1. For segment 301-324, list residues with backbone N below 20 Å from a point placed 7 Å from the Cα of residue 8 toward its Cβ?
2. Using the Kirkwood radius over Cα pairs, work out the Stokes-Einstein diffusion coefficient for segment 242-311 at 37 °C and 0.692 mPa s, in µm²/s as a whole number.
3. Taking the beta-carbon count within 10 Å as an exposure proxy, list 62, 313, 173 from fewest neighbours to most.
4. What spacing in nm lies between the two simple spin-label points modelled at residue 255 and residue 52, each 7 Å away from Cα in the Cβ direction?
5. For segment 139-262, what size does the Cα cloud have along each of its three principal axes, sorted from largest down, in whole Å?
6. Can you give me the Cα centroid spacing of segment 217-260 and segment 105-165 in angstrom?
7. Test of understanding: what is the full-extension gain from residue 262 to residue 198, defined as 0.36 nm times their sequence separation minus their Cα-Cα distance?
8. Considering the alpha-carbon set of segment 1-115 alone, what are its Rg and its Dmax in angstrom?
């Protein structure tokens, strides 16, 4: 019988259990997928800890790659034997096999391995909506991107370079700064050594930037607002250090008629058509060699708790995958 990581109560990494699970045949609109690689993302720690509430007991994980074993009625866009990848849908990618809604699946083109795909779907599609939909970047723009050496960050570095965007990335160490620069980040700020607001102002001649992308949360707020030019946009898309605390909305007017948004990938990748369009743009950049996304940490699926410990202690760079 296949095995999966499951939780029965919220908690730390120790709450994750390696259990046998029943995986039946797919029903209408469903597919059964045998995983070959599973993506690890910060949102997984929110589901595990209870920051984001989920019905319990529950599986974990929302990103994976593998092979379709069977499809239910009404599914004609994938078939048994297809290599596929996905993000979103019901939790449960931390598993050897699962049945899931087939409309989340995209077929993998030749030249993109399962391991690479498991690093791309959630992080790459997040970068797509951040850069191409929330605020459509163009050549010559300057941006601030926190956690530039993280899983989303390294893809963002490369995508910014491909667009001709000047990216100012914050990182936690000299080693992470070197990694971000190697991936296309124009300027790096080691926030443990420098005041990132002062450095951003120096790099922009005091003007600030039109958009700040922040997946850190509490530790970088409200200082991120001070990096913005008047009428700038603060994009809060994650809470790696904890959620942004409540604040007086008048702060936005005082700092220059600023705008704030708290988007989620799953609002943008809401249906099969959206996922296909977003992943198509991403895959084109990968096939053109403009984005390279290999896993930097590989952990056995049964040891997923160790992957969470490393992620939450900020010991990782780039993407981590689990291998069944």
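1. 302-306
2. In µm²/s, the coefficient rounds to 195.
3. Final ranking by Cβ density, sparse to dense: 313, 173, 62.
4. 2.4
5. Principal-axis extents of the Cα atoms in segment 139-262, largest first: 40, 30, 25 Å.
6. Answer, in whole Å: 22.
7. Result: 20.6 nm gained on full extension.
8. 14.0, 41
Readers should treat all values here as calculations from the given coordinates under stated rules, not as data from a laboratory. Just so it is clear, the structure is predicted and the values come from calculations on it, not from any experiment. Heads up, the Cβs are rebuilt from the backbone with ideal geometry, glycines too, and the neighbour counts pull from every protein chain shown.
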